[in-house]
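Below is one structure, written out as structure tokens; the observations come after it.
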Amino acid sequence: MGSWKCGSCLSSLLIPLALWSIIVNILLYFPNGQVSYASSNKLTNYVWYFEGICFSGIMMLIVAAILLVLENDNNYKCCQSENCSKKYMTLLSMIFSALGIAFSGYCLVISALGLLQGPYCRTLEGWEYAFEGTAGRFLTDSSVWIQCLEPAHVVEWNIILFSILIALSGLQVIVCLIRVVVQLSKILCGTYSVIIQPGII
């Protein structure tokens, strides 16, 4: 019962993390709340990978829902014995947790690349990635941020939102990784009771 509560708590934690990922990713499309930049395709190319909306968001919501269903004690038996059914559900839970790692890991990598690349903005030389060749050094040197003339404060906007996406997807990876380890230990260490049918011995 205690392991079910722990697993259910971890799966439930994925839901708010996924919802926040969707919200943060959507905000990246509207620097300073303006829609004109998205409609004219003047955004960093990494926002079009839908890392927070699709992978760390919708896909993680599906994974969390499936994990919650698998952890329900009222599941129908898939085998003749209860022991077999529990192991099968544990295996499925481990597989979907691994998928969760893949989805959130994708968001983590894309968000990190977007953060290091810097925003697509208008400089004195026109629209460009002003900090693309700095290998992320611009992140700690706020004096160069004034190179981006438009959208206003787009550097801070991108840094904050991509950093939040990295944190959210990182937490999702940790939660799913913990679930994989726990489920794997159940299978390998045999935490389920062995049922001996009468007449075998």
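A few comments on the model shown:
- Potential lengthening between His153 and Leu13 on full extension [0.36 nm per residue; Cα-Cα distance subtracted]: 47.2 nm
- Cα→Cβ-extended label distance, 7 Å offset, between Ile58 and Ile187, nm: 2.9 nm
- At R0 = 22 Å, FRET efficiency that the Cβ-Cβ distance of Ile95 and Asn45 yields, to 0.05: 0.10
- Here Ser142 and Ile178 are evaluated by their C-beta separation; at R0 = 41 Å the FRET efficiency comes out at 0.65.
- Global geometry of segment 87-139, whether rounded, prolate or oblate, following the gyration tensor of its Cα atoms and the 1.5 cut on a/c: prolate
Bear in mind that the values in this text are calculations on the coordinates, not laboratory data. The shown structure was predicted, so the numbers you read here are calculated from the model rather than taken from an experiment. Please note: Cβ atoms are built from the backbone with ideal geometry, for glycine as well, and neighbour counts cover all protein chains shown.
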